[in-house]
Amino acid sequence: MTENPVTPSILSQMDIKEILEHLPHRYPFLLVDRVVDYQVGNYLQAYKNITINEPCFTGHFPNNPIFPGVLILESLAQATGLLAFKTLGTKPSDNTSYFFVGIDAARFKKPVVPGDQLVLDVKLLKCKRDIWKFEASASVDSVVVCSAELMCAQREA
């Protein structure tokens with residue numbers, strides 16, 4: 001009897017150099033550190049490492065640092081941008097921008113603190129004209145800390 005070898009799935013990944021090619025954001029507002037898997041037109045999974053060096057922690061909150069929920073949502077939005085650009089086969093340019101245009105059903109379930117690694121999961125639900133709709137969630141240690149439906153749009157500048 002012959003056994004079929006298990007073929008490991010081949011992950012599509014992006015390092016920080018490729019992320020910088022596909023997002024116009026820069027420090028301190030680049031909120032995706034690594035893409036660990038994606039499938040064009042379907043989903044993307046990425047990491048955002050939370051460190052005490054994040055600029056937001058000087059004021060949010062000095063004695064109890066908590067990563068702001070709006071920055072978790074922005075991290076997810078940047079992940080959707082990466083998936084959208086990969087799906088379109090394009091990169092940002094001086095004459096187009098990719099905007100966050102809507103948030104539905106956002107829920108925050110647990111605080112995110114320095115030392116956590118956010119796992120960002122975005123799934124493309126639909127794209128109609130220039131409007132993209134995604135299901136998005138962020139988790140830490142396999143526990144969902146934030147979920148939402150996000151809408152983004154690509155516009156000419």
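Within region 37-54, being closer than 19 Å to GLN117 by Cβ and loosely packed, with under 15 Cβ neighbours inside 10 Å holds for ASN49, THR51, ILE52, ASN53.
Of all the residues in region 100-124, those that are in contact with a helix residue (DSSP H, G or I) (Cβ under 9 Å, 6 or more places away or on another chain), surrounded by fewer than 16 Cβ atoms within 10 Å (Cβ to Cβ) and over 19 Å from VAL143 (Cα atoms) number 1. Answer yes or no: is there a residue in region 91-104 that is out of contact with any Asp or Glu (no Cβ under 7 Å at 6 or more places or on another chain), under 18 Å from VAL145 (Cα atoms) and not polar (S, T, N, Q). Within region 91-104 (the criterion being out of contact with any Asp or Glu (no Cβ under 7 Å at 6 or more places or on another chain), under 18 Å from VAL145 (Cα atoms) and not polar (S, T, N, Q)), the answer is yes, since at least one residue qualifies.
Scanning region 55-67 for residues that are buried (at least 16 other Cβ atoms within 10 Å of the Cβ) and out of contact with any Pro (no Cβ under 6 Å at 6 or more places or on another chain) gives a single hit, PHE67. For region 21-35, filtering for residues that are surrounded by 14 or more Cβ atoms within 10 Å (Cβ to Cβ) and assigned to a helix (DSSP H, G or I) leaves 1.
Here is a check on your reading of the model: is THR90 touching a residue at least 24 places away in the same chain (Cβ under 8 Å) and of a type in the set (Ser, Thr, Tyr)?
no
Yes or no, residue by residue, for (1) closer than 20 Å to TYR47 by Cα; (2) modelled with pLDDT of 95 or more:
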{"position": "LEU88", "(1), (2)": "no, no"}
{"position": "PRO114", "(1), (2)": "yes, yes"}
{"position": "LYS133", "(1), (2)": "no, yes"}
{"position": "ASP141", "(1), (2)": "yes, yes"}
{"position": "GLU149", "(1), (2)": "yes, yes"}
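Only a single criterion out of (1) within 16 Å of LEU150 (Cβ to Cβ); (2) touching a Ser or Thr at 6+ places or on another chain (Cβ under 9 Å) is not satisfied by THR80, namely (2).
Of everything in region 126-157 that is surrounded by fewer than 17 Cβ atoms within 10 Å (Cβ to Cβ) and among the β-branched types (Val, Ile, Thr), the residue that is farthest from VAL32 (Cα to Cα) is ILE131.
The values are calculated or read from the model by the stated rules, or taken from the named source; none is laboratory data. All of these numbers come straight from a predicted model, not from anything done at the bench. Reconstructed Cβ throughout: ideal geometry from the backbone, glycine too, with neighbour counts over all protein chains shown.
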